[in-house]
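Written out below as structure tokens is the structure these notes cover.
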């Protein structure tokens, strides 16, 4: 019991019909108390680990935002490095393999930055921008455009 609330059960039985001794009952009660302590310790540990993960994720997001802002300040008239950084950072933080950054211009999307995340042999993420991604970008934009128009309007 934890704060007058049952959080588990220990059930024991034996083949012969007889009462358990007071000593046996006390022993099982001691085990039950120890189980409550172990359950509570595990709950507290898991809560602490979740909190640490949230703090780490928050730090990663803040660092990424600061990196994007730094690129914006270094490239006030050039969108490409900004979109490259946004695409690479978004793909990395979201665990995605691909991120396309496009802008709406003259009734169509203009692709700026198809960024992909490649897995190295060691399983670590490496961010790369596809320098010759015109065809990939065109196909992706067509898929996005077809998706937006819905199934009735597809070619």
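Structure summary
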read-out	value
Order of 69, 79 under a 10 Å beta carbon neighbour criterion, fewest first	69, 79
Calculated FRET value between residue 26 and residue 52, using beta carbons and R₀ = 41 Å, to 0.05	0.55
Largest-first principal axis extents of the Cα set of the range 1-109 (Å)	87, 27, 22
Exposure proxy order (Cβ contacts within 10 Å, fewest to most) of 99, 94	94, 99
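Here, each number is a calculation from the coordinates, and none is a lab measurement. None of the values given here were measured: they were computed from a predicted structure. Here the Cβ is made from the backbone with ideal geometry for all residues, glycine too, and neighbour counts use every protein chain on show.
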